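Visitor: Right, I'll just put the structure down here and ask away after.
The values are calculated or read from the model by the stated rules, or taken from the named source; none is laboratory data. All values reported here derive from a predicted model rather than from experimental measurement. Neighbour counts run over all protein chains shown; Cβ positions are idealised from the backbone, glycine included. Protein only, heavy atoms only, side chains kept; ligands, DNA and RNA dropped before computing areas. Shrake-Rupley method; radii C 1.70, N 1.55, O 1.52, S 1.80 Å.
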Amino acid sequence: MKVETDRNWYDERVEAFVDGDLSRADDIRFRERLSSSKELQQDVEQARFLAAVLRSSPVESCPPEISQRVLAIARRDAGAEERVDRGPLRLVTKRRTWRSLTIVAAAACFAVLFLVRTGVNDSESFSQAEIDQALNDAKFALALVSDASRDAGRLIRLDAVPPVSHAMGLVLTDERSDGFEVPGSAADPLNE
Amino acid sequence: MVNLEQYEAAVAEHRDRVFGFALHFLGDREEAEDVTQDVLIRLWCNRDNVAIETLTPWLLRVARNACVDQYRKRRTRDQNREGSPDATEKLVSQTTAPDRSMDNDILREQIVKSVNELREPYKSIVVLREMQQMTYEEIGSALDLPLTTVKVYLHRGRRKLRESLKKLYDDFADAGLGVNQNGSIGASRQSVHANNQSAV
């Protein structure tokens with residue numbers, strides 16, 4: 001029994017000896033036995049040979065189509081993420097921008113109209129030239145915004161853009177020489 | 001690791017290692033390709049959670065788990081537990097042993113087959129250490145094992161291989177062939193004993 005246990009002790013340490021992983025005391029004891037045991041010497045040689053065969057295994061290269069496939073998936077995924085991140089945000093930004101501009105332009109027009117009406121009733125407040133200039137400026141601003149809105153409408157839903165045509169109709173569609181249509185008059189498109 | 005460039009660099013650096021491990025573990029090229037693809041895709045899906053410093057152990061851990069799963073699937077399909085003999089033969093045919101002979105080819109084939117037959121975790125550790133030349137620390141990190149445990153398991157795994165090799169050596173001896181001093185097949189056993197007189 002003791003011999004069997006003793007043999008096992010050395011047998012269990014063959015690989016550690018080959019790798020140089022034995023403690024100093026174990027290494028001395030192992031070498032002492034190795035010098036006199038042919039069986040142990042054979043075990044050590046076989047262990048060395050085995051390690052050499054394993055370590056000489058060929059380096060396997062991954063087939064290129066594997067990495068190509070994987071990278072294609074990653075690139076497609078990365079591109080999709082970018083479109084998702086930028087797309088809706090761009091639409092919302094554009095929508096909000098144009099909506100804001102349109103609202104500002106409409107507010108400016110109404111302000112001008114209000115002033116003009118006040119001025120019509122009180123001709124001493126504004127000269128006709130000043131009124132005409134203000135109206136032309138407002139019309140120009142509205143036209144600019146409406147053109148831009150029309151173009152934006154091609155990219156985004158038109159119902160997202162506050163209708164400008166109402167204000168356009170009030171100001172741009174006129175039959176008077178000064179280009180101003182009095183709201184509530186017969187020529188007012190809203191009364192058609 | 002969060003962007004595509006870093007991921008592409010990681011794939012270029014580690015794809016051969018992952019594939020090599022899977023091939024040596026499974027012994028089947030097709031299965032190894034599937035596992036490699038699966039592991040690299042998982043890396044992309046988890047890129048925000050993997051640091052560059054821990055990339056190698058992470059990849060090997062995932063590869064090993066994937067190989068174990070694949071191995072279990074193979075078993076449930078009632079395939080040969082020792083691995084596909086065709087794949088084993090392919091692995092053997094690709095080696096370029098310096099003293100190539102038919103008998104040593106058989107020997108090499110048996111060694112590869114024996115690795116395939118090892119139980120876990122010996123198999124993973126033998127493949128990572130002996131075939132992938134990874135350090136003990138890298139193996140410990142990949143398999144979440146202490147350093148001393150890695151060494152013990154490695155030595156036990158190689159001991160089991162040596163035991164299966166010993167049986168083969170006996171078979172060769174019965175066929176009139178012996179084991180050279182360096183362990184290869186060739187000279188008769190008697191000459192080995194004579195040589196061993198002056199060994200170490």
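Visitor: Roughly how much accessible area, to the nearest 100 Å², goes out of reach of solvent when A and B pair up, both sides summed, probe 1.4 Å?
Guide: In total, chains A and B hide about 4300 Å² from solvent.
Visitor: Now for a different question. Would you please give the FRET efficiency between A:Ile103 and A:Arg76, computed as 1/(1 + (r/R0)^6) with r the Cβ-Cβ distance and R0 = 35 Å, to the nearest 0.05?
Guide: Approximately 0.30, to the nearest 0.05.
Visitor: I need the phi-derived Karplus couplings for region B:111-124: 6.51 cos²θ - 1.76 cosθ + 1.60, θ = phi - 60°, integer Hz, Gly and Pro marked x.
Guide: 5, 4, 5, 5, 4, 5, 8, 4, 7, 6, x, 4, 4, 4
Visitor: Summing +1 for each Lys or Arg and -1 for each Asp or Glu, what net charge is found among the other residues whose Cβ lies under 14 Å from the Cβ of B:Gln6?
Guide: Result for the neighbourhood of B:Gln6: -3.
Visitor: Sorted from largest down, give the three principal axis spans of the alpha carbons of region B:1-51, whole angstrom values.
Guide: So the extents along the principal axes, rounded to whole Å, are 33, 17, 15.
Visitor: Under a plain spin-label model, where a point goes 7 Å from the Cα along Cα-to-Cβ, how far apart in nm are B:Cys45 and B:Asp171?
Guide: 4.2
Visitor: Here are some pairs, B:Lys123/B:Lys167; A:Lys38/B:Lys160; A:Lys38/B:Lys151; B:Lys113/B:Lys160; B:Lys73/B:Lys113; which of them have Cα atoms lying more than 24 Å apart in this structure?
Guide: Beyond 24 Å: A:Lys38/B:Lys151.
Visitor: Additional query: How high is the relative contact order of region B:4-73, in percent, with contacts defined as C-alpha pairs under 8 Å that are six or more residues apart?
Guide: On the way: 44 pairs, mean separation 25.8, N = 70.
This gives 37 percent for region B:4-73.
Visitor: Hey, can you grab everything whose amide H is under 5 Å from the amide H of A:Cys62? Only 5+ residues off in sequence or another chain; H modelled, so Pro and N-termini drop out.
Guide: B:Asp16
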